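Colleague: I'd like to ask you about the structure that follows.
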Amino acid sequence: MKLYGIPNCTTVKKARAWLAEHGRDAAFHDFKKQGVDPVWLKKVARQTGWQALLNTRGTTWRKLTDAEKAAAGDEAGAFALMLAQPSVIKRPVLELGGRYHLGFSEDQYAAIFGA
């Protein structure tokens with residue numbers, strides 16, 4: 001099991017706390033320090049859809065120019081943006097048993113882990 005994200009992200013913090021409280025040990029991949037592997041990104045997008053993986057609700061997205069947002073309007077442009085600015089990737093990404101789960105809510109994780 002591996003959790004991907006940015007350590008100062010509130011949602012990532014909540015997910016890590018939930019996992020710890022429920023005795024689930026997850027390796028953590030920090031997008032800021034360890035970067036984003038393009039092969040991994042495409043693998044996640046194949047399962048979740050690139051649109052779901054692109055976080056258009058966060059601060060980083062809001063700071064983009066209209067031209068930058070427009071360039072991310074297709075898969076190739078979205079991938080380029082996510083690789084250049086990992087903060088626009090929906091977080092956290094939980095990798096478990098070959099499946100990827102985007103975001104965090106207590107109900108979502110309870111369902112994933114049968115808790």
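Since every read-out is calculated from the coordinates, none of them should be taken as a lab result. The model shown is predicted, which means the values in this text are computed figures rather than measured ones. Don't worry about glycine lacking a Cβ; one is built from the backbone with ideal geometry, like all the others, and counts go over all protein chains shown.
Colleague: Can you count the Lys pairs in the chain with C-alpha separation below 16 Å, eight or more apart or on different chains?
Modeller: Total qualifying Lys-Lys pairs in the chain comes to 14.
Colleague: Write down the percent of antiparallel bridges among all DSSP beta bridges whose residues are both part of region 2-113, to the nearest 5.
Modeller: 65 percent
Colleague: To continue, here is another question. Any idea what the relative contact order of region 2-113 is, in percent, if you count C-alpha pairs under 8 Å spaced at least 6 apart? Working shown, then result.
Modeller: Values: 123 pairs, mean separation 40.0, N = 112.
Computed over region 2-113, the figure is 36 percent.
Colleague: Then there is this: Hey, fewest Cβ within 10 Å first, where do Phe113, Phe31 land in order?
Modeller: Ascending Cβ contact count within 10 Å gives the list Phe113, Phe31.
Colleague: Could you give the spread of the C-alpha atoms of region 2-113 along their three principal axes, from largest to smallest, in whole angstroms?
Modeller: For region 2-113, the Cα extents along the three principal axes come out at 44, 26, 25 Å.
Colleague: Whole-Hz ³J(HN,Hα) for each residue in region 4-17, computed from phi via Karplus 6.51 cos²θ - 1.76 cosθ + 1.60 with θ = phi - 60°, x for glycine and proline: what do you get?
Modeller: 3J(HN,Hα) across region 4-17, in whole Hz: 10, x, 10, x, 8, 6, 4, 5, 5, 4, 5, 5, 5, 5.
Colleague: Here is a further query. Hand me the trypsin sites (Lys or Arg not before Pro) from region 17-115 located in a DSSP loop with no more than 16 other Cβ atoms within 10 Å, in residue order please.
Modeller: Arg57
Colleague: So how far, in whole Å, is the C-alpha centre of region 83-115 from the one of region 1-79?
Modeller: Value for the Cα centre distance between the two parts: 9 Å.
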